Structure formats: structure tokens, C-alpha cells
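The block underneath contains the structure these notes are about, expressed in C-alpha cells.
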Amino acid sequence: MARLGIRENWPQFSLLVLINACVGGMVGLERTVVPLVATEEFHLTSDTLIFSFIVAFGLVKALSNVASGWLADRFTRKTMLVTGWLIGVPVPFMLGWGPSWNWILAANVLLGASQGFTWSMTVTMKNDLVGTRQRGLAMGLNEFAGYGGLGITALLTGYIAARSGLRPEPFYLGIGYVIVGLALSSFLVRDTTGFAREAFAPSPGDQPTRPVRQTMDPPTAKRTMIAVCQAGLVNNLNDGISWGVLPLLFAAHGLTVADIGIIKAVYPLTWSAGQLGTGALSDRIGRRPLIASGMVVQAIALALIAAGQPSTYVSGVAGAVLLGLGTAMVYPALLAAAADTAMPATRATTLGWYRFWRDLGYPAGALLAGAVGGMFGLVWAVVVGAALTLASGLLAALLMKPRQVAITELNDDRHLRHVSRPARQDTGV
């Protein structure tokens, strides 16, 4: 019988962490360079048109999250993971050598589909391996790897672009990510679908009629999913604003490509490293405190960036650190809270729907930034993002109940003993 836990499954868990670093690196290819390619190489002037690559990426990724989750619950996780890497093979070549902006948009369609399959499967497979008791820690490690890869790649692409030009040299990194990610996923990863099925089924010594234990009542589960979906959407809305607006805003204030690369790397690197602690913390104190307070910290960070004091560079770096910290508080807790509401047999589907709503934030943020930036200036797009983020954190605090609730797996005996204890009054979901 399969045993749940990071230690019990460390070879596969570690392999999935490494793969997700490559997955994140594929997105990091775009964080610094692509908005500048739009203005400096293709001479685009419309903010909405420039941010169209984020819209294409976000819409396709959101839909792919749902599709991959549904398919993974009916076939296997590994098949979906390998499929995602195959879809992503052309992306670095199209970004590096595409002769028109339409090629960049097409590359982002493929990148969004690839991310929807690959990142969703690393999330689902880690949840399969660890069960409920280490869910926050597992999601923290997963997102640490993904956004660490993103941040390092954003830093490296800015460094390479400052010395070799915007294209194609920065995108050589993507070719390496595709080769490594596809090879590891195809030949070394083992499918984890069986872990979810065993968690759903009774153990050999159990009574045949014993059901999977569910401590989250349907109204609570619904409120929790509404809370995490709206918070996830707004979180990625401000991430979409950061992705598209900040490079152009900083460039307009005279910062160099190298300086912009540093700021754009500080944000995901802080986000990445912070999740090593916040994911495990959400297992101890609950999901709600981290989600609500993390959104508030993000709002403060965006306001600081918009203020631009005492200088654009200083406020940019300080804001990036705070934005990364706030996102680190939110991201693994949101994933864990969504997984808390899911039965094991439909876990991939539930997580796919959460990631669908969350990743709709990318096109929403890009469209909002284009509209507000076009009418009032890019700074005001950042201000609006800050206000929405603050409101989202307050709404999450209202919707989520201050007690520990989750679906429990039958073959995780230590967790069953844990949930039998009374919940502390100050814990979140």
C-alpha cells in the first residue's frame, strides 16, 4: 500500500521539484525581455496591444488548467505532464526568432497551454504523494522551485539582453529547459494516480463500507473555494500588471535593461524563497491568516512602487521585495486550501478549476493595465491593482472560517490522528 509523505516519497517528490523549476524558467523567459521587444523591436505603442501577449498566455493557461485536471483524473498525471512539455517545445524558438509580433502571440498561446498542463500536474502529483498533513509544505516547495526558476531566468535574461541584445540570445535558456524537463518527465517520473486512488479506497484492514473522511461540510467548502478563487484571480491580476506594466514604467523613468532585470528578478526570487516557510506555516496556523494578510502586504507593495519615492529604483526594489513576500504568504496557502476542499478522486479537477480562476487574473490584469494605462498613465494601473488587492484580502478574511477543515486520506494514519484533535480557534481554513 502506498504511504503518503515527503520523506516516504522523496525521490519522486524531489524530481518533481526540479521539473517545476524548469517549468517556471519557461515563464521567466518573458518577464524582463518580451515587453521591451514589443516597444524596441516591433515598435508597438498601444499599451493594450503590448500586453496582448499576457492576455493570450493567461486565457489559454486558465483553460488548460481545467482541461489537464479533468483529463488527469480520467487518464494519468504523467501523460498530462509529458503532453505539456511537448506543447512547449516550439516556444523558445518562436520567441527568439519570430519575425513578427504575431509569432510572439502564438508562442504565448503554446506557452499558456504548456504551463496549464505541466505546472498543474506538478501541483497535483505532489498533493497525491503527501496527503493532507504536509500539503502546505509541499505546495511551498513546489512554488519555491517554480518561481525560483522564474526569478533566476528573469535575472539571467536581463543580464544577457544588456550584453547581447534582446533576441535571440536570452531565449537559449528556454531550449535547455525544454530538453531537461521533457527528458525527466518522460523517463524518470512515475505516475501518481495510484496514490490518489488508494487514498480514496479503504485500506485492506478497514471495513468495506468505510468512506473517505470529510470534515469540511459543503457550505464551508463552497465559501472556501469562492474565497480562494477570487483571491487567486486578484493575485494574478496584480502579477499580470507587474509583468506588463513595470518594465515599461521603469524604462520610462530611465532605468536600464539590467536594472529592470534586477527588480523583475527580486520579486519572484523573494516569492520563491518565502514559500519555503509560509507553506509549512499554513499547515500549522491555517490558510486564512496567510491569505488575508498576504494580500494586504501585496497592496502596500504596489502602492510603494506607484509612489516612486525616494527614487524609481529604490521604490522598485523595495516594492518588489514586499510584493514577493506578500505573494509567498498567499500562493501555497491558496493551493492548499483549494486541495483541502477536494475529494482524492477528483483532486486534479478541483485544483484545475481553482487554477482556471486564478490564471484568469493574467488577462484581466493585462486588459485593466492597458485600459487604465492608456487613459490615465501606467502609474494609475498600479494604483488600481493595489486597491483591488486590498479589497480581495478583506473579502477572503470574511468568507473563510477560522478553523481547520479538510478532506482526509484514509491511508495517512498520522493525519487522521491529527484532525481528531479540536481545532484551535485562531487557525484559518
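The values are calculated or read from the model by the stated rules, or taken from the named source; none is laboratory data. Just so it is clear, the structure is predicted and the values come from calculations on it, not from any experiment. Here Cβ is always computed from backbone atoms with ideal geometry, including for glycine, and neighbour counts include all displayed protein chains.
Side notes on the structure shown:
- Flag for Gly181 being modelled with pLDDT of 65 or more and either of a type in the set (Gly, Ala, Ser) or in a helix (DSSP H, G or I) (or both): yes
- As for the range 70-81, it holds at least one residue that is over 25 Å from Asn236 (Cβ atoms) and of a type in the set (Phe, Trp, Tyr).
- Apart from one condition, Thr45 fits all of (1) surrounded by fewer than 19 Cβ atoms within 10 Å (Cβ to Cβ); (2) modelled with pLDDT of 90 or more; the exception is (2).
- Residues being within 17 Å of Val37 (Cα to Cα), at pLDDT 90 or above and of a type in the set (Gly, Ala, Ser) - total across the range 148-163: 1
- Pick from the range 342-365, criterion aliphatic (A, V, I, L, M) and at pLDDT 85 or above, ranking: farthest from Leu129 (Cα to Cα): Ala364
- For the range 25-32, the criterion of being at pLDDT 90 or above and under 15 Å from Val123 (Cβ atoms) is satisfied by at least one residue.
- When the test is whether a residue is in contact with a strand residue (DSSP E or B) (Cβ under 9 Å, 6 or more places away or on another chain) and at pLDDT below 85, Arg197 does not pass it.
- Summed over the range 343-370, residues that are aliphatic (A, V, I, L, M), assigned to a helix (DSSP H, G or I), surrounded by fewer than 24 Cβ atoms within 10 Å (Cβ to Cβ) and out of contact with any Phe, Trp or Tyr (no Cβ under 6 Å at 6 or more places or on another chain) total 3.
- Summed over the range 1-51, the residues that are farther than 30 Å from Phe187 by Cα and among the aromatic types (Phe, Trp, Tyr) give a count of 2.
- Condition met for Ile160 (in a helix (DSSP H, G or I) and closer than 22 Å to Gly116 by Cα): no
- Applying the condition of being within 22 Å of the chain's Cα centre (by Cα) and in a loop (DSSP other than H, G, I, E, B) to the range 371-429 and asking which residue is modelled with the lowest pLDDT yields Val429.
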